[in-house]
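Presented below is the structure to which this report refers.
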Amino acid sequence: SQHSKKHAPALTHFQGHWCLSQLVPNVISFQKHFQALDDDIVLASKPKTGTTWLKSLAFSIMNRNRFTLSDSPLNSSNPHDLVPYFEMTLYKDGQIPDFADVSSPRLFSTHLPYQALAESIKQSNSRIVYIARNPLDVIVSLWHFITSKPERADWTLEECFEQFCRGEEAYGPFWDHVLRYWKESSEKPNKVLFLKYEDMKENAKPHIRKMAEFMGFPFSVEEETAGVIEEIAKFCSLSNLKDLEVNKTGTLAASPRQTKPFFRKGEVGDYVNYLSNSAVERFCKIFDEKLSGSGLTFRMSL
Ligand code: A3P
């Protein structure tokens, strides 16, 4: 079924989620052709939950013995150009990418829900790092991001909010997306690492350490003592990445999108400045019901 609003991106209901209509052929090609390797790492997330942050952290962790942070490609490339999306970049226009020159371990990303991942990701020993964030901050973040495009500038926060309440936003419903990765991470903790944006904002260090172990790049005692984790945390912080020229004035290599809107405020609880109490209550009622019994909770403030 087709679903489109004047200013919002067109969505198609596909394999149990709302897929950006233009990505459907890409998703099909990805599912048909992608062959996961056992040491692949896949970063998965719903848009605006901290994907850019997760990409810069994972890239820095994996490549720390190849470059020092001052020589890191992250200084001159946006994280999204270093860690490509399956559905938006690699399988763009339904093409089949050539991975011959990509050295292992490979680092990929996706916004797709778990059920839409290529079967070989699920069957292989490849690993998935998932980041989740409280949905009210996600709504506000998404609205800022989408309306930063001039042709979508008049998409209202209300429309964005209503979409989320109906579960009809891109890659949504939100609750299905988080709950499925949550379930996989509880059942297979060696397969899926589930991180929360709020916990990482509070104190990134233990989560960076956990990520590194999970990804197969644990920090040595010497690295711990030398403060390598703190250095990575600082380097990947919003304030550092936001100030890099490439992220202030650049555009992504794979699309005409500007890099600046990926870096905004990065706070927990910014939604209180945008959503009314009654809107918050209405959303929480739906959301709490969907999550009830799952053991999954989100912090709305720190
Ligand atoms: P806000 O709009 O609330 O500021 P994504 O990367 O999934 O698109 O999510 C974007 C959100 O993450 C934005 O949130 C953005 O500011 C925030 N963000 C980007 N880089 C970050 C970083 N290095 N650390 C913390 N938050 C970051």
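What is the dipole size for the range 151-302, taken about its Cα centre, with +1 at each Lys and Arg Cβ and -1 at each Asp and Glu Cβ, in debye to the nearest 20?
Numbers: 22 positive and 26 negative charges, 28 e Å.
Rounded to the nearest 20 debye, it is 140 debye.
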Run the simple label-point estimate for residue 202 and residue 101 please: 7 Å along Cα→C-beta, distance reported in nm. 4.5
Relative to the present Cα-Cα distance, how much length would full extension add between residue 301 and residue 285 at 0.36 nm per residue of separation? 4.0 nm
Over all Cα pairs of the range 94-153, how is the pair count split among 10 Å bins, expressed in % and running from 0 up to the last occupied bin? 15, 33, 29, 22, 1
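Using only C-alpha atoms and all pairs of different ones, pull out the Kirkwood radius for the range 191-248 in Å with one decimal. Please list the in-between numbers first.
On the way: mean 1/r = 0.0796 Å⁻¹.
With all distinct Cα pairs of the range 191-248 included, I get 12.6 Å.
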If R₀ is 51 angstrom, what is the calculated FRET efficiency for the pair residue 166 and residue 249, using the beta carbon separation as r and rounding to 0.05? 0.90
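Starting from 0.36 nm per residue, how many nanometres of slack lie between residue 65 and residue 93 once their C-alpha separation is accounted for?
On the way: separation 28, 0.36 × 28 = 10.08 nm, distance 3.50 nm.
Computed gain between residue 65 and residue 93 is 6.6 nm.
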Taking the mean number of other Cβ atoms within 10 Å as a proxy for protection, how do you rank 20-30, 104-114 from highest to lowest? 104-114, 20-30
Sketch the reach of a paramagnetic label on residue 183 as a point 7 Å from Cα along Cα-to-Cβ, and name the residues of the range 267-302 whose backbone nitrogen lies under 12 Å away. 294
Give me the lysines in straight-line cross-link reach of residue 32: C-alpha distance below 17 Å, same-chain residues under 8 apart excluded. 92, 122
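From the Cα trace of the chain, what convex hull volume per residue do you get, rounded to a whole Å³? Present the calculation step by step, with values, prior to reporting the outcome.
On the way: hull volume 40.0 nm³, N = 302.
Expressed per residue, the convex hull around the Cα atoms of the chain is 133 Å³.
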Direction-averaged shadow area of the convex hull around the Cα atoms of the range 51-146, nm²? 8.0
Exposure proxy order (Cβ contacts within 10 Å, fewest to most) of 87, 184: 184, 87
Positive end of the dipole of the chain, charges at C-beta (+1 Lys, Arg; -1 Asp, Glu), about the Cα centre: which of 94, 10, 110 has its Cα farthest in that direction? 10
Quick check: the distance between the Cα centres of the range 163-203 and the range 35-100, to the nearest angstrom? 19
I'd like the antiparallel share, as a percent to the nearest 5, of DSSP beta bridges with both residues in the chain. 30
As computed over the range 163-302, the Cα convex hull volume per residue (Å³): 163
Histogram of C-alpha separations across the range 1-110, 5 Å bin width, %: 2, 11, 18, 20, 19, 14, 8, 5, 2, 1
Sum up the lysine pairs in the range 126-210 that clear both bars: alpha-carbon distance under 21 Å and a spacing of 8 or more or different chains. 9
Rh (Kirkwood; distinct C-alpha pairs) - the range 141-232, Å: 16.2
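Given a Förster radius of 30 Å and the C-beta distance between residue 124 and residue 273 as r, what FRET efficiency does 1/(1 + (r/R0)^6) yield to the nearest 0.05? Let's see the in-between values first.
Details: r = 43 Å, r/R0 = 1.45.
So, using R0 = 30 Å, E works out to roughly 0.10.
Listing 98, 176 from the residue with the fewest other Cβ atoms within 10 Å to the one with the most, what is the order? Numbers along the way, then the final one.
Working: 98 7, 176 18.
Placing the least packed residue first, the sequence is 98, 176.
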As a check on your grasp of the helix formula, calculate [θ] at 222 nm for the chain: sum -39500 (n - 2.57) over DSSP H runs of n ≥ 4, divide by the residue count, round to the nearest 500. -11500 deg cm²/dmol
Expressed in angstrom and rounded, the centroid-to-centroid distance over alpha carbons for the range 211-233 and the range 249-302 is 29
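Since every read-out is calculated from the coordinates, none of them should be taken as a lab result. It should be emphasised that the depicted structure is a prediction, and the values quoted were computed from it without experimental measurement. Neighbour counts are summed over all protein chains in view; Cβ atoms, including those assigned to glycine, are modelled from backbone coordinates with ideal geometry.
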